[in-house]
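Note sheet for the following structure.
The values are calculated or read from the model by the stated rules, or taken from the named source; none is laboratory data. Just so you know, these numbers come straight off a predicted model, no measurement behind them. Heads up, the Cβs are rebuilt from the backbone with ideal geometry, glycines too, and the neighbour counts pull from every protein chain shown.
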Amino acid sequence: MVRDARELRGAWATFQTHRYAEPAPDLAPFVSGYWFAEWDLRGQEPYRQKIVPYPSVHLTFREGTAVVRGPERGHVVRVLEGRGRVFGVTFRPGCFRPFLGAPVSTITGRSLPAAEVFGPGLPGGDVGEVCGPGLPRGDVEQVEAFLRATLPAVDPLAERAAAVVALVRAEPGLTRVDALAERSGLGVRRLQRLFADHVGLGPKWVIRRYRLHEVGQRLAAGAVVDWARLADELGYADQAHFTRDFAAMFGESPTRYAERYPAGEGDRRH
């Protein structure tokens, strides 16, 4: 299959833009941030947008539709065509469970109408009303006002789950579930239940995702990588297992994936 040249070396930036904003302090316990994407492919072929997975739930607004998207186990591809825009709320890993009122694992790999979770009164309906270019605070505040009106009761387990995920992200040396259980003061089975209920993905998956995220960052920065040594650092039995894991999550080999980015971009968007 011939590769779309628009995937390479940041060429996707010629027809799409991405912007990000932080949540208000009172919403930060639940929301990690807001994002906005806009594209203009008029006169061009549709583009296959690769989206890599994180252990997060998103609330997205696009073309008059609000959708809750559960965490994904692997990369997904969304086809972009014509002209469009989408605004999203990213919830902290582990902190959507109080909104959902059910284990997050019940929506892993699924999308559902946002009204099924939040009820009526979702803001706007057209993403243009919710978020304009540059994510001006006035537009973000529409969504924040709605979230404040629907905030659930404090859930100590949600915060604990979020703290464990943050620990995984912050400490590259954590590569095993038993080590994570010990560091978090939980037994392995209790840790697995906490993640199924509040994160929607298992602790082994979360560990693997953040260690592979570090690989993407190194590749995008142009680092020369000793693959066998790196696989060992990340806790893999050998280089082949590491490469298979990366391809399963990102859809292609590490070096091929790195070709998508100019130096320094990392794997945040594509």
(message) I'd like the full set of residues that are part of a loop (DSSP other than H, G, I, E, B) and not aromatic (F, W, Y), limited to segment 23-43.
(response) P23, A24, P25, D26, L27, A28, P29, L41, R42, G43
(request) Check V52 against each of (1) at pLDDT 90 or above; (2) under 18 Å from M249 (Cα atoms); (3) surrounded by 19 or more Cβ atoms within 10 Å (Cβ to Cβ) and name the one condition it does not meet. (result) (1)
(request) Assess whether R189 counts as being at pLDDT below 95 and in a helix (DSSP H, G or I). (result) no
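Scanning segment 192-222 for residues that are assigned to a helix (DSSP H, G or I) and of a type in the set (A, V, I, L, M), which turns out surrounded by the fewest Cβ atoms within 10 Å (Cβ to Cβ)? First the steps, then the outcome.
Going through segment 192-222, the residues assigned to a helix (DSSP H, G or I) turn out to be 192-198, 203-220.
Right, trim to of a type in the set (A, V, I, L, M) and you get 194, 196, 206-207, 212, 215, 219-220.
Working: L194: 19, A196: 17, V206: 25, I207: 21, L212: 21, V215: 24, L219: 22, A220: 21.
Per the criteria, the residue is A196.
Listed here are the residues, each with its yes/no results for (1) within 25 Å of A166 (Cβ to Cβ); (2) in contact with a strand residue (DSSP E or B) (Cβ under 8 Å, 6 or more places away or on another chain); (3) not aromatic (F, W, Y).
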{"site": "Y20", "(1), (2), (3)": "yes, yes, no"}
{"site": "P25", "(1), (2), (3)": "yes, no, yes"}
{"site": "A28", "(1), (2), (3)": "yes, no, yes"}
{"site": "A37", "(1), (2), (3)": "no, yes, yes"}
{"site": "R42", "(1), (2), (3)": "no, yes, yes"}
{"site": "E45", "(1), (2), (3)": "no, no, yes"}
{"site": "Q49", "(1), (2), (3)": "no, yes, yes"}
{"site": "P55", "(1), (2), (3)": "yes, no, yes"}
{"site": "R62", "(1), (2), (3)": "no, yes, yes"}
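Among the listed residues F246, F250, which satisfies the condition of being touching a Pro at 6+ places or on another chain (Cβ under 6 Å) and either buried (at least 18 other Cβ atoms within 10 Å of the Cβ) or in contact (Cβ under 8 Å) with a residue 24 or more places away in the chain (or both)? Talk me through it step by step, then tell me what you get.
Numbers: F250 fails: touching a Pro at 6+ places or on another chain (Cβ under 6 Å).
Of the residues listed, the single one that is touching a Pro at 6+ places or on another chain (Cβ under 6 Å) and either buried (at least 18 other Cβ atoms within 10 Å of the Cβ) or in contact (Cβ under 8 Å) with a residue 24 or more places away in the chain (or both) is F246.
Condition test on G70, is it more than 18 Å from T150 (Cα to Cα) and surrounded by fewer than 16 Cβ atoms within 10 Å (Cβ to Cβ)? Walk me through how you get there before you give the answer.
Working: more than 18 Å from T150 (Cα to Cα): yes; surrounded by fewer than 16 Cβ atoms within 10 Å (Cβ to Cβ): no.
The answer is no for G70.
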